[in-house]
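Following: one structure in structure tokens, then a few remarks.
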Amino acid sequence: MKTTLLIMAAGIGSRFGGGIKQLEPVDAAGHIIMDYSVHDAVEAGFGRVVFVIRKDIEEAFRASIGDRMAAVCARHGVTVDYAFQDIRQIPGPLPEGRTKPWGTGQAILAARDKIDTPFVVINADDYYGKEGFRKVHEYLAAGGEACMAGFVLKNTLSEHGGVTRGLCRMDDQGHLTRVVETKNIHKVAGGAQVDGRAIDGNALVSMNMWGLTPGFLDLLAEGFEAFFRQEVPADPLGAEYLIPTFIGHLVEAGRLSVQVLPTGDTWYGMTYKEDAAAVRASFQKMLEEGLYQKKLFSDL
């Protein structure tokens, strides 16, 4: 079964010095995290890539990665397409003064007309590792309805500040029962803590790597309309439609069953500018160990 990689690449990281962190090189050859994500997805068997970006960064994005990725993917029979996230793509009037994006839920909806196969959705500036792509692809290709790559919390933390993670609770069959969005998680010796309280560093967390089907998009659109009626009036400038929160609501209401697929891979990301050096060192180590080739796509 054909599957699609949906990459949410519209955001510019406010904590990353104002730059477009998705375009920060992570190796000596100039590859960025998205190169590695596309590589791992193609290796796992995904047949299509859709980038969700903003129209105002399209030219820079195509020049920096899009055209190059299209050429690379074409050699492996993988197609590339674009969807454009716009703050005005909403089921109601734009609140006066609103400049903040509406969140990951709206980013996925921006690609609704581009999705006709099962798909995995990821953040552009996160490195997920090979195992998650392989497990999600296999689950979707076998007819699975919804899944999530579950990362070990201690493998996802930054040395340079607190992060927000969706802590997962599951039943004894590995089905998600709840996602608890937890802010300001800090890495400490021996594990992690929140506001001075220790939490389990081996807990599984969501890193926004969801395996979904086109039918899920109907639920997502329905939820966005409800979000706009119920939450936006209370916080017109700051309310966000976040995919982990929405999926958590569906799971708790019994409207969606999500299989958690544990992965032991280490997540790398550039939440803070100071993370860049450590991320580059990590990629250098993976190259030295032969996990990837310096000519990145030469092993496919």
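Please get the size of the charge dipole for the stretch 141-205, origin at its Cα centre, with Cβ charges of +1 on Lys and Arg and -1 on Asp and Glu, quoted in debye to the nearest 20.
Details: 7 positive and 7 negative charges, 44 e Å.
In total the dipole reaches around 220 debye.
For V49, which sequence-distant residues (separation of 5 or more, or a different chain) have an amide H within less than 5 Å of its own amide H, given hydrogens modelled in the peptide plane?
Under 5 Å from the amide H of V49 lie the amide H atoms of L5, T79, V80, D81, each far enough along the sequence or on another chain.
Which one, F283, V260, P214, is farthest towards the positive end of the dipole of the chain when Lys and Arg carry +1 and Asp and Glu -1 on their Cβ?
In the chain, that residue is F283.
Could you point to the residue in G144, H76, G30 farthest towards the positive end of the chain's charge dipole, with +1 and -1 charges on the Cβ of Lys/Arg and Asp/Glu respectively?
G30
For the stretch 123-244, what's the radius of gyration and Dmax over Cα atoms, in angstrom?
16.2, 44
Using a Gaussian network model of the chain with C-alpha springs under 10 Å, which one of G45, G11, G196 is most mobile by mean-square fluctuation?
Of G45, G11, G196, the Gaussian network model singles out G196 as fluctuating most.
With charges only on Cβ, +1 for K and R and -1 for D and E, what is the dipole size of the stretch 55-107 about its Cα centre, in debye, rounded to 20?
Values: 7 positive and 7 negative charges, 26 e Å.
The calculation lands at about 120 debye.
Run the helix sum for the chain: -39,500 (n - 2.57) per DSSP H stretch of 4+ residues, divided by residue count, reported at 222 nm to the nearest 500 deg cm²/dmol.
On the way: 8 runs with 81 residues, N = 300.
Calculated from helices alone, the mean residue ellipticity at 222 nm is -8000 deg cm²/dmol.
Can you pull the accessible area of H186 for me, 1.4 Å probe, Å² to the nearest 10?
H186 exposes around 70 Å² with every protein chain in place.
Normalised radius of gyration for the stretch 105-144, please: alpha carbon Rg relative to 2.2 N^0.38 Å, two decimal places.
Details: Rg = 11.6 Å, N = 40, 2.2 N^0.38 = 8.9 Å.
This ratio for the stretch 105-144 stands at 1.30.
Calculate one ³J(HN,Hα) per residue across the stretch 282-290 by plugging θ = phi - 60° into the Karplus curve 6.51 cos²θ - 1.76 cosθ + 1.60, and present them in order as whole Hz with x for glycine and proline.
5, 5, 4, 5, 5, 5, 5, 7, x
Could you give each residue of the stretch 40-55 its phi-based ³J(HN,Hα) in whole Hz, using Karplus coefficients 6.51, -1.76, 1.60 with θ = phi - 60°, and x for Gly or Pro?
Once rounded to whole Hz, the list reads 5, 5, 4, 4, 6, x, 5, x, 8, 10, 10, 8, 9, 9, 8, 4.
Simple spin-label model, 7 Å along Cα-to-Cβ: R75 to E145 in nm?
Placing both labels 7 Å beyond Cα along the Cβ direction yields 4.1 nm.
For the stretch 1-111, which whole-number percentage of the solvent-accessible area (1.4 Å probe, protein heavy atoms only) is attributable to carbon and sulfur atoms? Intermediate values should be presented prior to the final figure.
On the way: 2420 of 4560 Å².
C and S fraction of accessible area: 53 percent.
Rounded to the nearest 10 Å², what accessible area does D218 have for a 1.4 Å probe in the complete protein model?
Looks like 90 Å² after rounding.
Quote to one decimal, in nm, the extra length available between H160 and L219 on full extension: 0.36 nm per residue of separation minus the C-alpha distance between them. Can you show the working numbers first?
Working: separation 59, 0.36 × 59 = 21.24 nm, distance 3.68 nm.
So the extension gain works out to 17.6 nm.
Evaluate the charge dipole of the chain about its Cα centre and quote only its size in Debye, nearest 20, assuming +1 on the Cβ of each Lys and Arg and -1 on the Cβ of each Asp and Glu. Provide the component values of the computation, followed by the final result.
Details: 31 positive and 38 negative charges, 55 e Å.
Roughly 260 debye for the chain.
Which whole-number value in Å² is the accessible area per residue of the chain, probe 1.4 Å? Before the final figure, lay out the partial values.
Numbers: 13260 Å² over 300 residues.
Ligands and nucleic acids excluded, the figure is 44 Å² per residue.
Show the residues, 5+ positions off or on another chain, whose built amide H is closer than 5 Å to the amide H of W210.
Here V121 satisfy the definition.
Quick one: Karplus J couplings for the stretch 68-82, per residue in order, coefficients 6.51, -1.76, 1.60, θ = phi - 60°, nearest Hz, x for Gly and Pro?
Result, ordered by residue: 5, 5, 4, 5, 5, 5, 4, 5, 10, x, 10, 8, 10, 9, 10 Hz.
Report the rotationally averaged projected area of the chain based on its alpha-carbon convex hull, in square nanometres. Could you put the intermediate results ahead of the total?
Values: hull surface 62.1 nm².
So the Cα hull casts an average projection of 15.5 nm².
With label points built 7 Å along Cα→Cβ from the Cα atoms of K100 and E43, find their separation and express it in nm.
If labels sit at K100 and E43, their model points lie 3.7 nm apart.
Along the principal axes of its C-alpha atoms, what lengths does the stretch 31-84 span, in descending order and rounded to whole Å?
Principal axes ranked by extent give 31, 21, 15 Å for the Cα atoms.
Give the lysines whose C-alpha is closer than 23 Å to that of K295, dropping any in the same chain fewer than 8 places away, or say none.
Straight-line reach from K295, under 23 Å: K21, K130, K285.
Assuming 0.36 nm per residue, please report the length gained on full extension of the stretch E59 to L237 beyond their Cα-Cα distance. Let's see the in-between values first.
Details: separation 178, 0.36 × 178 = 64.08 nm, distance 2.82 nm.
Stretched fully, the E59-L237 segment lengthens by 61.3 nm.
The values are calculated or read from the model by the stated rules, or taken from the named source; none is laboratory data. Since the structure is predicted, the reported quantities are computational estimates derived from the model, not experimental observations. Note: ideal-geometry Cβ built from the backbone for every residue, glycine included; neighbour counts use all protein chains shown. Calculation scope for accessible area: heavy atoms of the full protein, side chains included, ligands and nucleic acids excluded. Shrake-Rupley method; radii C 1.70, N 1.55, O 1.52, S 1.80 Å.
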